[in-house]
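Participant: I am attaching a structure below and will ask some questions about it afterwards.
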Amino acid sequence: MHSPEQQLALLKRGASQIISEAELLSKLRLGRPLNVKLGVDPTAPDIHLGFTVALQKLRQFQDLGHQAILIIGDFTAMIGDPSGRSKARPQLSHDQVMSNAKSFQQQAYKILDPARTRTVFNGEWFEMMSFEQVMRLNGRVTLQQMLQREDFKGRVDRGEPVHLHEIQYPIMQGWDSVMIKADVELGGTDQLFNILVGRDLQREEKQPEQVVFLLPLLEGLDGVQKMSKSLGNYVGVSEAPSEMFGKLMSITDTLMARYYLLLLGEEVPAGHPMDAKKQLGFRIVERYHSTEAAQGALDEFNLRFSKRDLDKVELPSFSTEGVEPDIISLIVAAFARGFSVTKSRGDARRLVEQGSVQVRGEKCTDPKAAPKLESGDVLRLDKKHAVRVA
């Protein structure tokens with residue numbers, strides 16, 4: 001058993017902001033399991049590594065004896081969280097959301113202990129609300145409060161639309177906290193406003209206010225924007241081991257240090273950066289697949305890139321259909337189709353000019369080249385990516 005002080009010291013590792021540590025310590029001293037909330041909107045069927053940062057913190061609370069509450073936003077997902085968005089999310093049907101939720105839960109339980117996780121769908125209370133109750137709930141929040149959000153304010157200043165259904169989202173997320181009597185709510189740093197709304201609503205309901213527990217946002221493979229499926233810079237938890245390993249090997253050394261910290265809770269080990277990166281890829285694949293799968297992905301990577309024997313390994317298939325025949329267009333399309341990685345034409349040109357691109361084992365250094373690719377040909381895009389022409 002850990003004392004409240006020891007629990008606080010463990011829990012705050014890796015946190016970006018806690019409002020407040022004193023409140024959290026006071027709750028830990030209550031001597032009962034805390035209700036620790038993490039809300040998820042299954043707008044897509046897959047979880048990426050960015051979301052696992054919060055799931056791992058929820059598992060840490062769980063291992064310390066607290067009640068992990070995973071709220072599946074079957075109603076809020078139909079709105080879509082506007083946090084950090086420059087435009088409204090596409091609205092999904094309830095059937096789409098529920099289909100995604102099933103896959104989402106299976107992946108979340110790779111981190112959480114399902115036997116000790118309370119999973120709740122917020123449709124349990126929202127679908128029972130009358131229009132009068134919705135109006136009364138809306139009456140607790142002002143438009144001025146909503147427009148304090150940077151994403152809403154920025155859109156208004158730019159003359160871009162903010163839809164009324166988006167304004168409902170923070171209110172609904174806050175009401176979730178009231179319904180489960182949350183003691184702590186976990187979220188990324190972009191969730192501060194939403195979680196504070198929950199505190200306000202809890203106070204009005206004469207409930208103790210939840211602690212805001214914010215976690216860093218994990219940058220995607222581009223090292224700039226947060227990991228997102230819509231941006232194509234993600235590593236999916238359910239991706240094939242070789243694809244997961246290959247994506248992790250493509251990150252920069254600077255980003256590798258960030259991934260070690262947020263995904264493994266460690267510093268980069270001493271030694272050659274390439275060895276550290278292979279270790280990172282191995283451990284992540286091992287966590288979400290198996291030791292055997294991780295070893296297979298490592299062996300395949302070594303065969304593909306260390307021994308450079310590309311003819312003997314499995315490569316992503318690349319169809320040139322609909323792609324202009326010049327080498328720059330081929331590279332951009334091959335990254336997008338084979339690895340879901342966005343490369344600009346300028347990026348592609350630099351790869352050609354620096355000698356990274358090979359066609360059938362021969363370097364291609366002419367940005368104006370238009371190689372005639374045939375089925376089975378290998379197009380090497382850089383030191384870590386290659387595709388086989390379909």
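Participant: Being surrounded by 12 or more Cβ atoms within 10 Å (Cβ to Cβ) and free of Cβ contacts under 8 Å to residues at least 40 places away in the same chain is the filter here, so list the residues in the range 125-142 that pass it.
Facilitator: Taking the range 125-142 first, the residues surrounded by 12 or more Cβ atoms within 10 Å (Cβ to Cβ) are 125-126, 129, 133-134, 137-138, 140-141.
Of everything in the range 125-142, those that are surrounded by 12 or more Cβ atoms within 10 Å (Cβ to Cβ) and free of Cβ contacts under 8 Å to residues at least 40 places away in the same chain turn out to be Met129, Gln133, Val134, Leu137, Asn138.
Participant: Any idea which of Gly223, Gly246 is under 30 Å from Gly271 (Cβ atoms), at pLDDT below 95, in contact with a helix residue (DSSP H, G or I) (Cβ under 8 Å, 6 or more places away or on another chain) and crowded, with 23+ Cβ neighbours inside 10 Å?
Facilitator: Answer to the check: Gly246.
Participant: Can you tell me which residue in the range 358-382 is farthest from Phe335 (Cα to Cα), limited to those that are touching a Ser or Thr at 6+ places or on another chain (Cβ under 8 Å) and of a type in the set (A, V, I, L, M, F, W, C)?
Facilitator: Among those residues, the one meeting the criterion is Leu373.
Participant: Something else: Looking only at the range 33-55, decide whether some residue is touching a Phe, Trp or Tyr at 6+ places or on another chain (Cβ under 9 Å), within 30 Å of Gly223 (Cβ to Cβ) and polar (S, T, N, Q).
Facilitator: Checking the range 33-55: at least one residue is touching a Phe, Trp or Tyr at 6+ places or on another chain (Cβ under 9 Å), within 30 Å of Gly223 (Cβ to Cβ) and polar (S, T, N, Q).
Participant: Next question. Can you pull out every residue in the range 52-68 that is of a type in the set (A, V, I, L, M, F, W, C), within 19 Å of the chain's Cα centre (by Cα) and open to solvent by less than 10 Å² (accessible area, probe 1.4 Å)?
Facilitator: Leu55, Leu58
Every residue, every condition in (1) open to solvent by less than 30 Å² (accessible area, probe 1.4 Å); (2) modelled with pLDDT under 90, yes or no:
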position: Gln91; (1), (2): no, yes
position: His94; (1), (2): no, yes
position: Val97; (1), (2): yes, yes
position: Lys102; (1), (2): no, yes
position: Gln106; (1), (2): no, yes
position: Ile111; (1), (2): yes, no
position: Thr117; (1), (2): yes, no
position: Val120; (1), (2): yes, no
position: Gly123; (1), (2): yes, yes
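Participant: Something else about it: Please determine whether any residue of the range 261-278 is assigned to a helix (DSSP H, G or I), closer than 15 Å to His48 by Cβ and either touching a residue at least 24 places away in the same chain (Cβ under 8 Å) or among the polar types (S, T, N, Q) (or both). Walk me through it before giving the result.
Facilitator: If we filter the range 261-278 for residues that are assigned to a helix (DSSP H, G or I), which is where we start, we get 261-264, 273-278.
Now restrict to residues that are closer than 15 Å to His48 by Cβ: 262-263.
Of the ones still in play, those that are also either touching a residue at least 24 places away in the same chain (Cβ under 8 Å) or among the polar types (S, T, N, Q) (or both) are 262-263.
Checking the range 261-278: at least one residue is assigned to a helix (DSSP H, G or I), closer than 15 Å to His48 by Cβ and either touching a residue at least 24 places away in the same chain (Cβ under 8 Å) or among the polar types (S, T, N, Q) (or both).
Participant: Output the number of residues of the range 151-188 satisfying the condition of being surrounded by 13 or more Cβ atoms within 10 Å (Cβ to Cβ), without any contact (Cβ under 8 Å) to a residue 60 or more places away in the chain and either among the charged types (D, E, K, R) or in contact with a strand residue (DSSP E or B) (Cβ under 9 Å, 6 or more places away or on another chain) (or both).
Facilitator: Of the residues in the range 151-188, 2 are surrounded by 13 or more Cβ atoms within 10 Å (Cβ to Cβ), without any contact (Cβ under 8 Å) to a residue 60 or more places away in the chain and either among the charged types (D, E, K, R) or in contact with a strand residue (DSSP E or B) (Cβ under 9 Å, 6 or more places away or on another chain) (or both).
Participant: Sticking with this structure for a sec: Out of (1) surrounded by 19 or more Cβ atoms within 10 Å (Cβ to Cβ); (2) within 28 Å of Gln106 (Cβ to Cβ); (3) under 21 Å from the mean Cα position of the chain (by Cα), what's the single condition that is false for Arg258?
Facilitator: If we test Arg258 against (1) surrounded by 19 or more Cβ atoms within 10 Å (Cβ to Cβ); (2) within 28 Å of Gln106 (Cβ to Cβ); (3) under 21 Å from the mean Cα position of the chain (by Cα), just (1) comes out false.
Participant: Taking the conditions exactly as written (closer than 24 Å to Gly265 by Cα, surrounded by fewer than 23 Cβ atoms within 10 Å (Cβ to Cβ) and not small (Gly, Ala, Ser)), does Ile47 satisfy them or not?
Facilitator: It is false that Ile47 is closer than 24 Å to Gly265 by Cα, surrounded by fewer than 23 Cβ atoms within 10 Å (Cβ to Cβ) and not small (Gly, Ala, Ser).
Participant: Going by what's in this entry, would Leu298 be described as assigned to a helix (DSSP H, G or I), aliphatic (A, V, I, L, M) and either at positive phi or open to solvent by 10 Å² or more (accessible area, probe 1.4 Å) (or both)?
Facilitator: yes
Participant: Turning to a different aspect of this structure: So Arg149 fits all but one of (1) within 29 Å of the chain's Cα centre (by Cα); (2) at pLDDT 85 or above; what number is the exception?
Facilitator: For Arg149, the failing item is (2).
Participant: Which residues, counting only those in the range 13-24, are over 20 Å from the mean Cα position of the chain (by Cα) and either surrounded by 13 or more Cβ atoms within 10 Å (Cβ to Cβ) or of a type in the set (Ser, Thr, Tyr) (or both)?
Facilitator: Ile18, Ile19, Ser20, Glu21, Glu23, Leu24
Participant: Does any residue of the range 336-343 turn out to be in contact with a Ser or Thr (Cβ under 8 Å, 6 or more places away or on another chain), surrounded by 18 or more Cβ atoms within 10 Å (Cβ to Cβ) and more than 30 Å from Lys110 (Cα to Cα)?
Facilitator: No, every residue in the range 336-343 fails to be in contact with a Ser or Thr (Cβ under 8 Å, 6 or more places away or on another chain), surrounded by 18 or more Cβ atoms within 10 Å (Cβ to Cβ) and more than 30 Å from Lys110 (Cα to Cα).
Participant: Please pick out the residue among Lys372, Lys277 that is among the basic types (Lys, Arg) and open to solvent by less than 20 Å² (accessible area, probe 1.4 Å).
Facilitator: Values: Lys372 fails: open to solvent by less than 20 Å² (accessible area, probe 1.4 Å).
Just one listed residue meets the conditions, Lys277.
Participant: For Thr76, state whether it is modelled with pLDDT of 90 or more, under 30 Å from Arg13 (Cβ atoms) and of a type outside the set (D, E, K, R).
Facilitator: Taking the combined requirement at face value, the residue does not satisfy it.
Participant: Please tell me if Leu201 is touching a residue at least 60 places away in the same chain (Cβ under 8 Å), open to solvent by less than 10 Å² (accessible area, probe 1.4 Å), touching a Ser or Thr at 6+ places or on another chain (Cβ under 6 Å) and within 26 Å of Phe121 (Cα to Cα).
Facilitator: Details: touching a residue at least 60 places away in the same chain (Cβ under 8 Å): yes; open to solvent by less than 10 Å² (accessible area, probe 1.4 Å): yes; touching a Ser or Thr at 6+ places or on another chain (Cβ under 6 Å): no; within 26 Å of Phe121 (Cα to Cα): yes.
So Leu201 fails the test.
Participant: Taking only the range 226-243 into account, find how many residues are open to solvent by less than 10 Å² (accessible area, probe 1.4 Å) and part of a strand (DSSP E or B).
Facilitator: So the answer is 1.
The values are calculated or read from the model by the stated rules, or taken from the named source; none is laboratory data. Please read these numbers as outputs of a predicted model, since none were measured by experiment. Cβ atoms come from the backbone with ideal geometry, glycine included; neighbour counts cover every protein chain shown. Side chains included, ligands, DNA and RNA excluded: accessible areas come from the protein's heavy atoms. Shrake-Rupley method; radii C 1.70, N 1.55, O 1.52, S 1.80 Å.
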